[in-house]
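What follows is a short report on a single structure.
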Amino acid sequence: MVKMTPPMGWNSWNTYGEQINESLIFETADALVDSGLFAKGYEYLVIDDCWSLKERDEKERLVADPVKFPHGMKAVADYVHSKGLKFGMYSCAGNLTCAGYPGSFEHEFLDAETFAEWGVDFLKYDYCYHSSIIHGKYLYQRMGLALENCGRDILFSACSWGADQTHEWIKSTGASMWRSTGDIFDTWESIKELVKQQNCLHPYNAVGCFNDMDMLVVGMYGKGNVGLKGCNDTQYKTHFSIWALLGSPLMIGCDVRHMSEETKRILGNEELILINQDKACRQPIKLNGFWQEEDCIIYARQLEHGEIAIGLFNLGQEATYARFNLDELGLPLSTGRTLKMKELWTGEELTVKNASVIWKLDPYDCAVFRAKVEKR
Ligand code: GLA
């Protein structure tokens with residue numbers, strides 16, 4: 001399967017961990033549709049780790065836990081599909097999954113066939129308990145081939161956390177997305193850390209195989225499996241904006257049955273989603289800016305038709321100014337061109353009069369612009 005823009009959806013891990021079951025999944029499917037998030041592009045509903053029994057059956061097949069999923073996985077897939085959504089599941093390249101359930105090592109083709117029979121459209125494939133003598137690239141190639149041969153279009157979502165130089169070989173495996181960071185937690189420090197980890201990996205984000213910065217924590221407010229301290233709405237807005245602008249898959253991780261108005265507004269920002277889903281899928285760049293505090297980061301990304309997305313992010317706890325020159329975007333004064341910009345959270349519009357832009361940012365806040373090139 002070749003996916004041309006970053007996948008979008010919801011995943012059970014961040015909020016529920018092991019506490020998953022059929023009714024939760026059904027209610028989540030309903031909520032994704034009723035909240036309007038599905039209509040905005042969040043199409044994959046993914047069940048993460050802890051869905052199976054600890055033993056395979058006599059034919060070596062994975063078995064859904066009958067207490068959590070009393071009607072089996074096919075019934076779950078059918079319900080998810082009946083809402084128009086696509087259905088995702090989880091396995092692991094090792095003997096065991098990260099939470100200690102059976103992994104797919106040496107069962108890759110059988111498991112891919114099982115997933116296909118159940119109607120699975122997406123497989124997240126983790127890296128715990130993997131062989132120490134077989135390189136990760138061979139393990140992911142196996143499952144990539146197994147999925148391509150299973151008779152169903154199943155999106156391959158690799159999750160080796162950037163280990164073993166994943167960026168060097170992942171595109172050979174058929175993966176449509178690959179985890180380029182460690183695990184996210186619902187704290188501001190974790191978000192900042194993942195942004196840092198991502199900084200040298202931008203050149204590897206490409207159409208067909210997207211850098212996955214991990215599931216979103218927007219709207220968790222410290223509740224659930226990776227809840228910890230939680231973040232405030234400004235931090236969630238900035239987190240979402242960075243993931244969107246950098247072209248990461250957007251996988252929601254909160255309880256979508258009970259979202260605050262602000263959570264809905266953040267996850268549902270259509271103009272940010274449009275930037276994330278821009279068909280050109282160009283590499284984002286980090287601008288140097290000038291007189292920049294260390295915690296102030298500026299990213300830009302060329303969009304289709306010569307437009308530019310520009311994000312100014314204050315990761316620090318003090319208000320600051322983001323400052324950059326247009327020549328860093330290919331528009332020195334000598335071109336006779338400038339930018340007409342629209343901020344995508346407030347709708348504010350401006351035309352840049354000088355050679356640079358200076359913009360005040362509150363603590364943890366951001367501004368994201370869609371800019372058009374214009375004659376001065
Ligand atoms: C790893 C992954 C997480 C999640 C858990 C499940 O830590 O990186 O995203 O899937 O395993 O156990």
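The values are calculated or read from the model by the stated rules, or taken from the named source; none is laboratory data. Bear in mind that the values here come from a model prediction, so they are computed numbers and not experimental data. Please note: Cβ atoms are built from the backbone with ideal geometry, for glycine as well, and neighbour counts cover all protein chains shown.
So for region 146-164 (the condition being among the polar types (S, T, N, Q) and within 16 Å of the ligand (Cβ to nearest atom)), does at least one residue qualify? Outline the logic, then answer.
Initially, region 146-164 is screened for residues among the polar types (S, T, N, Q), giving 149, 157, 160.
Okay, now just the ones that are also within 16 Å of the ligand (Cβ to nearest atom), so 157, 160.
Yes; the residues of region 146-164 include at least one that is among the polar types (S, T, N, Q) and within 16 Å of the ligand (Cβ to nearest atom).
Counting the residues of region 204-222 that are modelled with pLDDT of 95 or more, crowded, with 16+ Cβ neighbours inside 10 Å and part of a loop (DSSP other than H, G, I, E, B) gives 9.
Closer than 29 Å to Glu193 by Cβ, surrounded by fewer than 18 Cβ atoms within 10 Å (Cβ to Cβ) and either in contact with a helix residue (DSSP H, G or I) (Cβ under 7 Å, 6 or more places away or on another chain) or not assigned by TED's automatic domain parsing to the domain that holds Ile47 (or both), is that true of His167? So His167 passes the test.
Determine whether region 77-89 contains at least one residue that is assigned by TED's automatic domain parsing to the domain that holds Ser160 and without any contact (Cβ under 8 Å) to a residue 12 or more places away in the chain.
Taking region 77-89 as the starting set, the residues that turn out to be assigned by TED's automatic domain parsing to the domain that holds Ser160 are 77-89.
Filter once more, so that each one left must be without any contact (Cβ under 8 Å) to a residue 12 or more places away in the chain: 82.
Yes, region 77-89 contains a residue that is assigned by TED's automatic domain parsing to the domain that holds Ser160 and without any contact (Cβ under 8 Å) to a residue 12 or more places away in the chain.
Residue-wise test of (1) in contact with a Phe, Trp or Tyr (Cβ under 8 Å, 6 or more places away or on another chain); (2) of a type outside the set (Gly, Ala, Ser); (3) in the same structural domain as Gly224 (by TED's automatic domain parsing); (4) closer than 15 Å to Phe38 by Cα.
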position	(1), (2), (3), (4)
Ser248	yes, no, yes, no
Gly253	yes, no, yes, yes
Arg257	no, yes, yes, yes
Glu262	yes, yes, yes, no
Gly268	no, no, yes, yes
Glu271	no, yes, yes, no
Gly289	yes, no, no, no
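Restricting attention to region 81-116, the residues being assigned to a loop (DSSP other than H, G, I, E, B), more than 12 Å from the ligand (Cβ to nearest atom) and closer than 17 Å to Ala158 by Cβ number 2.
Which residues, counting only those in region 298-348, are among the acidic types (Asp, Glu) and more than 21 Å from Asn276 (Cβ to Cβ)? First the steps, then the outcome.
Pass one, region 298-348, residues among the acidic types (Asp, Glu): 304, 307, 318, 327-328, 343, 348.
Residues satisfying the conditions are Glu318, Asp327, Glu328.
Residue selection: Trp188 satisfies the criterion of being away from the ligand (no atom under 13 Å from the Cβ) and either hydroxyl-bearing (Ser, Thr, Tyr) or closer than 22 Å to Asn14 by Cα (or both).
Where residues in region 46-65 are in a strand (DSSP E or B) and within 15 Å of the ligand (Cβ to nearest atom), which of them is farthest from Gly9 (Cα to Cα)? If you could, list the steps in order and put the result at the bottom.
Step one: filter region 46-65 for residues in a strand (DSSP E or B), giving 46, 52, 64.
Among the residues that remain, those that are also within 15 Å of the ligand (Cβ to nearest atom) are: 46, 52.
Values: Val46: 7, Ser52: 22 Å.
Applying the filter and picking the extreme gives Ser52.
Here is a check on your reading of the model: is Leu326 more than 23 Å from the chain's Cα centre (by Cα) and surrounded by 19 or more Cβ atoms within 10 Å (Cβ to Cβ)? So Leu326 fits the description; yes.
Please determine, by comparing only the residues of region 117-140 that are part of a helix (DSSP H, G or I) and within 16 Å of the ligand (Cβ to nearest atom), which one is surrounded by the fewest Cβ atoms within 10 Å (Cβ to Cβ). Among those that are part of a helix (DSSP H, G or I) and within 16 Å of the ligand (Cβ to nearest atom), it is Gly136.
Out of Leu194, Leu201, Leu147, one residue alone is touching a Leu at 6+ places or on another chain (Cβ under 7 Å) and of a type in the set (A, V, I, L, M). It is Leu147. If the condition is being touching a residue at least 60 places away in the same chain (Cβ under 8 Å), within 16 Å of the ligand (Cβ to nearest atom) and under 21 Å from the mean Cα position of the chain (by Cα), then region 19-45 contributes only Tyr44.
Of the residues Leu250, Leu246, Leu228, which is in contact with a His (Cβ under 8 Å, 6 or more places away or on another chain) and touching a residue at least 24 places away in the same chain (Cβ under 8 Å)?
Working: Leu250 fails: in contact with a His (Cβ under 8 Å, 6 or more places away or on another chain); Leu228 fails: in contact with a His (Cβ under 8 Å, 6 or more places away or on another chain).
From the options Leu250, Leu246, Leu228, the qualifying one is Leu246.
Set side by side, the residues Ile308, Ile297 differ, and just one is under 19 Å from Asn211 (Cβ atoms) and not assigned by TED's automatic domain parsing to the domain that holds Val207, which is Ile297. For region 253-267, a residue qualifies if it is within 16 Å of the chain's Cα centre (by Cα) and over 16 Å from Trp13 (Cβ atoms), and the qualifying residues are Ile266, Leu267.
Any idea which residue in region 84-105 is farthest from Arg179 (Cα to Cα), counting only those that are surrounded by fewer than 18 Cβ atoms within 10 Å (Cβ to Cβ) and either touching a helix residue (DSSP H, G or I) at 6+ places or on another chain (Cβ under 9 Å) or of a type in the set (S, T, N, Q) (or both)? Going through the qualifying residues, I end up with Gly84.
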